[in-house]
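The values are calculated or read from the model by the stated rules, or taken from the named source; none is laboratory data. Since the model is a prediction, treat every value here as computed from it, not as a measurement. Neighbour counts run over all protein chains shown; Cβ positions are idealised from the backbone, glycine included.
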Amino acid sequence: MGRISEDTQARNEEAIRAAMDRLLRGNLSPGGKCDLRALASEAGVPRTAFHAEKNRDGTARPGPYQHLAQEFERHLSALRGAGSVPDPRTAQIEKLKDFKRRALSQIAAQHLEIERLREQAAAVGNVGRLPSGRSGTAPYRSCS
């Protein structure tokens with residue numbers, strides 16, 4: 001990225017901070033995520049400006065907005081740690097994981113209940129099994 005004026009850099013930083021605020025409040029574009037790519041897109045700056053760059057001699061130097069990327073990641077981590085996730089897809093995934101856990105728990109409980117009832121029925125001894133139908137035939141005669 002070429003050199004930019006201090007005025008342009010200040011305007012870009014202001015745009016990044018405004019975009020950061022919007023994203024962290026959950027104002028995401030449809031299908032968007034709360035990440036550096038979305039931040040760069042919302043602010044209208046190149047994503048590479050958030051990462052370290054290399055000088056011609058191979059030494060690293062911070063990107064012009066790397067400090068803002070780090071600030072954004074800290075805020076995002078704090079929100080996730082507090083259970084307030086601004087990314088609706090992540091929240092949906094968490095809800096689906098919880099639903100799966102509850103469903104598996106219910107299935108396991110129902111399976112145990114079925115096994116208990118089968119054992120109880122076998123212990124009583126007065127419950128008989130229904131005859132199995134021949135394959136390809138209905139268990140009952142036709143009504144017609």
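Could you list, in sequence order, the residues of segment 31-48 that are surrounded by 17 or more Cβ atoms within 10 Å (Cβ to Cβ) and at pLDDT below 90?
Hit for segment 31-48 is CYS34, nothing else.
When segment 10-30 is examined, which residues are found to be touching a helix residue (DSSP H, G or I) at 6+ places or on another chain (Cβ under 8 Å), over 14 Å from ARG47 (Cα atoms) and not polar (S, T, N, Q)?
The initial filter retains those residues of segment 10-30 that are touching a helix residue (DSSP H, G or I) at 6+ places or on another chain (Cβ under 8 Å), namely 12-13, 15-20, 22-24, 26, 28-29.
Next, only the ones that are over 14 Å from ARG47 (Cα atoms) stay: 17-18, 22-24, 26, 28-29.
Passing the criteria: ARG17, ALA18, ARG22, LEU23, LEU24, GLY26, LEU28.
Provide a single number: the residues in segment 59-75 that are closer than 20 Å to ALA10 by Cα and not in a loop (DSSP other than H, G, I, E, B).
Number of matching residues: 8.
On the basis of being in contact (Cβ under 8 Å) with a residue 24 or more places away in the chain and either over 16 Å from the mean Cα position of the chain (by Cα) or on the phi < 0 side of the Ramachandran plot (or both), does LYS33 make the cut?
So LYS33 fits the description; yes.
For every residue, the table says whether it meets (1) more than 21 Å from GLU94 (Cβ to Cβ); (2) in contact with a Phe, Trp or Tyr (Cβ under 7 Å, 6 or more places away or on another chain); (3) not in a helix (DSSP H, G or I); (4) not basic (Lys, Arg).
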| residue | (1), (2), (3), (4) |
| --- | --- |
| ALA18 | yes, no, no, yes |
| LEU28 | no, no, yes, yes |
| ASP57 | yes, no, yes, yes |
| ALA78 | no, no, no, yes |
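If I filter segment 63-83 for residues that are in contact with a Gly (Cβ under 9 Å, 6 or more places away or on another chain) and at pLDDT below 90, do I get at least one hit?
no
Between LYS100, LYS95, which is modelled with pLDDT of 85 or more and surrounded by 10 or more Cβ atoms within 10 Å (Cβ to Cβ)?
From the options LYS100, LYS95, the qualifying one is LYS100.
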